[in-house]
Amino acid sequence: MEQARKEVEAVRISYLARKEILVAFCFLAPSLIGFALFYLIPFGQSVVFSFENPSGEAGLSFANYQSLLASSSFQKAAGNTFWFTIIGVPILILLSLALAMLLNKRVYLRNWLRTSYVLPLVVPVASIVLVWQILFDWNGFFNHALEWIGIERIDWMKSEWAQGVIIFIYVWKNIGYNVVLFLAGLQNIPDQYYEIANLEGASWARKHQITLIYLIPTGFLVMLMSILNSFKVFREIYLVAGDYPHDSIYMLQHYMNNMFLSLDIQKLSAAAFLMVLCILVIVLMLFRVEHKFRSFME
């Protein structure tokens, strides 16, 4: 009798589980269909296009990738994107961490400062770029300031300064989001760790070491989001500098945009697929490192 009751209970639980899965799928179905129609299927088609033979012959070919890798424009765009990420992401993460640790304490006007750093997240990109155009234009604020102190004007967006300006805009635009993530991570660190450190007479450096160790999982998320956002800086560059900016800020998205305008869909698809592969490799490496860290902490 007891065995039969257990079997009936197991069947009932299995039925409820299947019902919950079905209900969840019904709620997710519109989003899944939209994702498939507007992202997954077009991406699959672009991958197929990237392997098409440029001569029109049947069969798969790597000619598009060979031509792409030999292109000086692509090499320049890939190199600029790489260096932008290598320079901009660490600066963004370090500044975000420093500000989050400052705002986590009782500082003057703390709530106002938190609001000011989050504000760029809700302001449209076009509005932000208009502000930077006013600041860095040939007749902009900074050039007037330089002229006032006796220094010649600088053509910010048509010189080697252009990459520094874009990094500055990138940091300013994304620092608020990272500060919010770091603040959440700081507030999740148990207070007893610091109490024990105080009882043991730990130094200032030792307390910050505790903070950094327990912020590593949050740091992985911040690094991942910062890297992904660095690949989306094309919007700001395009609005500030146009289709063909200075060589130092000619990014992969510029190259793909120009391929689209010239209707070279095969090279565009190959470049997009290579960029996705690079992002995927970076993401997998970060998840691998995070998994090892979690295993070590456990």
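Of everything in the stretch 251-263, what is open to solvent by 20 Å² or more (accessible area, probe 1.4 Å) and assigned to a loop (DSSP other than H, G, I, E, B)? Give them in sequence order. Within the stretch 251-263, Ser262, Leu263 meet the criteria.
Set side by side, the residues Ala58, Ala36 differ, and just one is in a helix (DSSP H, G or I) and either modelled with pLDDT under 85 or not hydroxyl-bearing (Ser, Thr, Tyr) (or both), which is Ala36. The residues listed here are Pro30, Pro90; of these, the one that is closer than 23 Å to Ile282 by Cα and not hydroxyl-bearing (Ser, Thr, Tyr) is Pro90. Condition test on Leu239, is it open to solvent by 60 Å² or more (accessible area, probe 1.4 Å), assigned by the TED database to the domain that holds Leu121 and touching a residue at least 24 places away in the same chain (Cβ under 8 Å)? Yes, satisfied. Checking the stated criteria, Leu221 turns out not to satisfy the condition of being closer than 18 Å to Met157 by Cα and either of a type in the set (Lys, Arg) or in contact (Cβ under 8 Å) with a residue 12 or more places away in the chain (or both). Taking the criterion of being aliphatic (A, V, I, L, M) and over 22 Å from Ser96 (Cα atoms), the residues of the stretch 179-204 that qualify are Ile196, Ala197, Leu199, Ala202. Restricting attention to the stretch 136-168, the residues being within 12 Å of Ser248 (Cα to Cα) and part of a loop (DSSP other than H, G, I, E, B) number 2.
The values are calculated or read from the model by the stated rules, or taken from the named source; none is laboratory data. The structure displayed is predicted, hence computed values, not measured ones. Cβ sites come from the backbone with ideal geometry, for glycine too, and all protein chains shown count toward neighbours. Only protein heavy atoms, including side chains, enter the accessible area calculation; ligands, DNA and RNA are left aside. Shrake-Rupley method; radii C 1.70, N 1.55, O 1.52, S 1.80 Å.
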